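Worksheet for the structure shown next.
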């Protein structure tokens, strides 16, 4: 698997984070990682075509919302909570406080 | 001009607001309305094709971020600050605090 690009914390841009979180599937992924625990892709989302999920994972990773760690043929995910809290204090709290979507 | 649809405050959804703000042009529009004053469309954005702006205005209006008031052939815009602050406290402050995009 190719090296996955993750932006440096200082390069995370608000507009990209808003766009990444501004989709129901991606918002759900971010919320499902709120605890800080690493999770496997397949645990989080079901019923979404693989090609769509590839797009969603990339949007989340390239915006700086999540970190993806390949392990064999699986991808493990964590939320970049510390980086996001440092860059945009309060944003994730707000996103996780709202349960509706 | 047809009646413009604006969602009720209680129907504003976070995911739609994030998506609306997750674009450089729309984020700039929201920031340019931060003072609370009503402004005319043409004052805020220049150099973006009209067809693109029609799409952007709709995304901002239908998500509940802005209110559009037609006056003759012009559209005047205000930020729905009170509604957004009530629904998602701190979100706009955070968006306006970050100057970069």
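The values are calculated or read from the model by the stated rules, or taken from the named source; none is laboratory data. What you see is a predicted model, and the numbers here were worked out from it, not measured in a lab. When we count neighbours, we look across all protein chains shown, and the Cβ atoms used for this are built from the backbone with ideal geometry, even at glycine.
Only one entry in A:24, A:89 is under 24 Å from residue B:87 (Cβ atoms), free of Cβ contacts under 8 Å to residues at least 24 places away in the same chain and within 14 Å of chain B (Cβ to nearest Cβ), namely A:89.
The number of residues in the range B:60-82 that are out of contact with any helix residue (DSSP H, G or I) (no Cβ under 6 Å at 6 or more places or on another chain), under 21 Å from residue B:24 (Cβ atoms) and part of a loop (DSSP other than H, G, I, E, B) comes to 2. If we scan the range A:1-12, do we find a residue that is within 12 Å of the chain's Cα centre (by Cα) and within 14 Å of chain B (Cβ to nearest Cβ)? For the range A:1-12, residues within 12 Å of the chain's Cα centre (by Cα) and within 14 Å of chain B (Cβ to nearest Cβ): absent. Within the set B:4, B:60, B:18, the sole residue that is surrounded by 17 or more Cβ atoms within 10 Å (Cβ to Cβ) and in contact (Cβ under 8 Å) with a residue 24 or more places away in the chain turns out to be B:60. Of the helices (runs of 4 or more DSSP H) lying entirely inside the range A:1-59, the ones with 2 or more residues being over 26 Å from residue B:28 (Cα atoms) and in contact with a helix residue (DSSP H, G or I) (Cβ under 9 Å, 6 or more places away or on another chain) are found at A:24-32, A:41-44.
Going residue by residue through the range A:32-52, is there one that turns out to be crowded, with 19+ Cβ neighbours inside 10 Å, touching a residue at least 40 places away in the same chain (Cβ under 8 Å) and closer than 22 Å to residue A:5 by Cα?
Yes, the range A:32-52 has at least one match.
Evaluate the following for residue A:17: is it within 14 Å of chain B (Cβ to nearest Cβ) and in contact with a strand residue (DSSP E or B) (Cβ under 8 Å, 6 or more places away or on another chain)? No. Of the residues screened, residue A:97 is not one that is within 20 Å of residue B:14 (Cα to Cα), touching a helix residue (DSSP H, G or I) at 6+ places or on another chain (Cβ under 6 Å), surrounded by 11 or more Cβ atoms within 10 Å (Cβ to Cβ) and at pLDDT below 95. Annotation: of all residues in the range B:29-55 being farther than 15 Å from residue B:91 by Cα and within 10 Å of the chain's Cα centre (by Cα), the one that is nearest to the other protein chains (Cβ to nearest Cβ) is B:29.
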